[in-house]
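The values are calculated or read from the model by the stated rules, or taken from the named source; none is laboratory data. Note that the structure is predicted; figures quoted are calculated from it, not measured. No Cβ is skipped: glycine too gets one built from the backbone with ideal geometry, and neighbour counts run over all protein chains shown.
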Amino acid sequence: MTDPKDWKPLELRPEDGRTGAEGVCELLAGSEDFGDLLAREKAVVFRDFEVAEQDIESVMDLLLPNRLEYLHGTSPRTKLGGNLYTSTEYPQHMTIAMHNELSYSHRWPERLFFYCATTPGSGGATPVVDGALWLASLDEEVRDAFAAGIRYTQNLHDGFGLGRSWRQTFETDDRETVESFLTAGEFDWAWNPDGGLRMTSPIRPATVRHPVSGAEVWFNQADHFHPAALGDETARELAQILPPEELPQSVTFADGSPIPDAYVLHIHDRGLETAVDVDWRRGDLMVVDNVAVGHGRRPFAGDRRVLVAMSD
């Protein structure tokens, strides 16, 4: 029996030399239900199929039954159409720490789809981490401290300011649409006199149970919202100048008390240390179970273009 600590994504390769989108579709048609496969393997990589970018729509139709918009997203990316986006557009020298997409919100996708349109010059792997192993890697003191949950706060400007605007975050100019989302998520929120939006989540859990396996997994973005783990020097300096309540985003324990820097750095580092790197070549695909598996990005040099989509 395989040791859970040896977990890595399942890699599928062309059968009988059938490549491209057609090869992926034929492989899927002749195998078990992909939902069952993904629930068991947690992440699946389609390697060496050399799928052309103009053909990925047919593959996504099979792998992502209901593609979603990136609503309430915090990272900068470009929408390409058909609910397909560029991956996070942070500077290439930066590491993007492990996280489950939209785990800070009340709605998150069940599946994430990645497609490599341009092979990285060097580096640029997408690390993936088994959320149960990430949880097990954390010190008991940290796990206990987060047991009651956390709260996230965001300050979203109206078009000019630090971080993302509320229009970018919710992909709309309609305040009523935003208010409906916030009401459904039971946020505390208010429009500011300058047109910006301040919003604080209700208590969010630090861990959740996977709906199929029942495994408890680490499932939050405390380290992404906390200034101690910011990878950008300018952002860290900003966090030293502004009080937490004025930062574009911040996080506390459920009772409002601050989360120690050491806890956040411990979570950040253990996630990256426990992760398995998925290297990219043009035309490769990957689908991950967004509850079971966290993901990130390693630094890279040269070109790199990875596209992402998500579904429930």
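Restrict the check to the stretch 251-259 and report whether at least one residue is over 18 Å from Gln154 (Cβ atoms), surrounded by fewer than 18 Cβ atoms within 10 Å (Cβ to Cβ) and modelled with pLDDT of 95 or more. Write out each step before concluding.
Filtering the stretch 251-259 down to residues over 18 Å from Gln154 (Cβ atoms) leaves 255, 257.
From the residues that got through so far, the ones that are surrounded by fewer than 18 Cβ atoms within 10 Å (Cβ to Cβ) too are 255, 257.
With modelled with pLDDT of 95 or more added as a condition, the list becomes 255, 257.
Yes, the stretch 251-259 contains at least one residue that is over 18 Å from Gln154 (Cβ atoms), surrounded by fewer than 18 Cβ atoms within 10 Å (Cβ to Cβ) and modelled with pLDDT of 95 or more.
Here is a list: Arg167, Arg198, Arg151. Which entry is outside any loop (DSSP other than H, G, I, E, B), closer than 22 Å to His295 by Cα and of a type in the set (D, E, K, R)?
Values: Arg167 fails: closer than 22 Å to His295 by Cα; Arg198 fails: closer than 22 Å to His295 by Cα.
Criteria check complete, one pass: Arg151.
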Query raised in the report: If you scan the stretch 287-306, which residues turn out to be among the hydrophobic types (A, V, I, L, M, F, W, C) and either touching a Cys at 6+ places or on another chain (Cβ under 7 Å) or surrounded by 21 or more Cβ atoms within 10 Å (Cβ to Cβ) (or both)?
Result: Val287, Val288, Val291, Ala292, Val293, Val306
Query raised in the report: Is the stretch 256-265 home to any residue that is in contact (Cβ under 8 Å) with a residue 24 or more places away in the chain, farther than 26 Å from Glu22 by Cα and in contact with a Lys or Arg (Cβ under 8 Å, 6 or more places away or on another chain)?
Result: yes
Query raised in the report: Residue check: is Pro120 within 21 Å of Leu272 (Cβ to Cβ) and assigned to a loop (DSSP other than H, G, I, E, B)?
Result: yes
Report summary line: Counting only residues in the stretch 1-48 that are among the basic types (Lys, Arg) and touching a Leu at 6+ places or on another chain (Cβ under 8 Å), the one surrounded by the fewest Cβ atoms within 10 Å (Cβ to Cβ) is identified as Lys5
Query raised in the report: Restricting attention to the stretch 55-72, does a residue exist that is over 19 Å from the mean Cα position of the chain (by Cα) and among the β-branched types (Val, Ile, Thr)?
Result: yes
**Report entry** Unique match (being under 24 Å from Leu10 (Cα atoms) and either in contact with a Ser or Thr (Cβ under 7 Å, 6 or more places away or on another chain) or part of a helix (DSSP H, G or I) (or both)) among Val51, Val45, Val59
**Finding:** Val59
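So, in the stretch 65-87, of the ones that are among the basic types (Lys, Arg) and modelled with pLDDT under 90, which residue ends up nearest to Val306 (Cα to Cα)?
Restricting attention to the stretch 65-87, the residues satisfying the condition of being among the basic types (Lys, Arg) are 67, 77, 79.
Checking the rest, the ones that are also modelled with pLDDT under 90 come to 77, 79.
On the way: Arg77: 11, Lys79: 13 Å.
For the stretch 65-87, the residue satisfying everything is Arg77.
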Query - Criterion (aliphatic (A, V, I, L, M) and in a helix (DSSP H, G or I)) met by exactly one of Leu71, Leu80, Leu38, Leu102 - result: Leu38
